[in-house]
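Let me begin by presenting the structure, written as structure tokens, before commenting on it.
Read-outs: derived from the displayed coordinates by stated rules, not from any lab. Bear in mind that the values here come from a model prediction, so they are computed numbers and not experimental data. In this analysis, Cβ positions are derived from the backbone assuming ideal geometry, glycine residues included, and neighbour counts consider all displayed protein chains.
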Amino acid sequence: MIGYGRQAPESLDARTEGMRRQQGGDNIRFTLYDLTTGGEPTPAGVATLLPDHSVRCAEYVVMLGNEFRGHGLGTAATRLVLDYAWHVTNLRMVWLSVLAPNAAALRAYENAGFQPAGRLRQAGYWRGKPCDEIIMDALASDFTGLSVISDPAQPS
């Protein structure tokens, strides 16, 4: 968690309780697997959509283990989650926030189709220093790629 705004360590009990609360409700959760090892799929992280069904929008959150970063897994997972958001959940907009110094995450999100939508000045901390938080969004109407979930040319 270092560098991502947390000022003090969090105990395993506190983190476990936080995860338990997140698993309640109508959040859409995905477990991310690394399939590149040639063996069994290896759990690599989690992705979550936090929908507001009244306006057909959702916040996106993704967490990858350190050893799975830098290999394109975050971009691939984000594209799949957006595909699911557009073609299964029928959302019209998905948004996220990311700390400005997190250049790798910004690139991954942009490569997956997110665009910068705004900036909250000094809203976060990166390695103990104040930093800006970037708000990014993706619109279903901008999604031009083929769906891996449903190909419109194929009968259902």
Distance histogram for the range 12-141 (every C-alpha pair counted, 5 angstrom bins, percent rounded to whole numbers): 2, 10, 18, 20, 21, 18, 8, 2, 0
Could you give the nm distance between label points at Thr144 and Thr42, where each point is 7 Å from its Cα heading toward the beta carbon? 3.6
Asp52 versus Glu110: modelled label distance in nm, points set 7 Å from Cα along the beta carbon direction: 2.7
Linear extension gain, Thr31 paired with Arg119, 0.36 nm per residue minus alpha-carbon span: 28.8 nm
At q = 0.15, 0.21, 0.22, 0.28 Å⁻¹, work out log10 I(q)/I(0) for the range 40-86 with the Debye formula, treating every Cα as an identical point scatterer and leaving solvent out; two decimals please. -0.44, -0.74, -0.79, -1.08
